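Undergrad: Mind having a look at this structure? Questions to follow.
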Amino acid sequence: DTATMDLRTGTPGFCAPELITPDEPYGKNVDVFSAGVLLYYMLFGESLFVIGTRNQGEIFQKTLACQVTFPDDTQLSRHARRFIQILLTRDPENRPTSSGALEAAKLLHIGRVEHAAMVLTGEVDWQDAEGELLANVE
């Protein structure tokens, strides 16, 4: 869905960068970004953009910079890290839709990492990936 919205609300450290920039249009995939922040929070116990500060200006700067880093001692798979990075894509034009992210997560769960990556990056849509998967099922 490419429709843009007007009302700007969100919790600092959890909202998408385009919600912070007053003149930047935004669409429904702001929720995909927030889901990435929440997933990071659930896995590591802190919001990626709130680490080390409670100052709202600093939180907004970190969100706008959108530097995704993981703790050095993380045991999270590279595929899971990549999934989080894709959810937290700074440019909303390159960020997946919610349905694309959900379908990619399903593909990751069943071990089809290459298909998930193609769905997330838009190289193939979910129906094409699903058709290929079903064709390979005995």
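Undergrad: Can you list residues whose amide H is under 5 Å from TYR26's amide H, if they're 5+ apart or on another chain and H is modeled 1.01 Å from N?
TA: MET5
Undergrad: For a footprinting-style exposure proxy, rank GLU93, GLU103, GLU24 by other Cβ within 10 Å, fewest first. Walk me through the intermediate numbers first.
TA: Numbers: GLU93 8, GLU103 21, GLU24 13.
Result, fewest neighbours first: GLU93, GLU24, GLU103.
Undergrad: In what sequence do SER34, SER98 fall when counting other Cβ within 10 Å, fewest first?
TA: Ranking SER34, SER98 by Cβ neighbours within 10 Å, fewest first, gives SER98, SER34.
Computed from the coordinates by the stated procedures, all read-outs in this text should not be read as laboratory data. Nothing here was measured: the structure is a model prediction, and the numbers come from that model. Please note: Cβ atoms are built from the backbone with ideal geometry, for glycine as well, and neighbour counts cover all protein chains shown.
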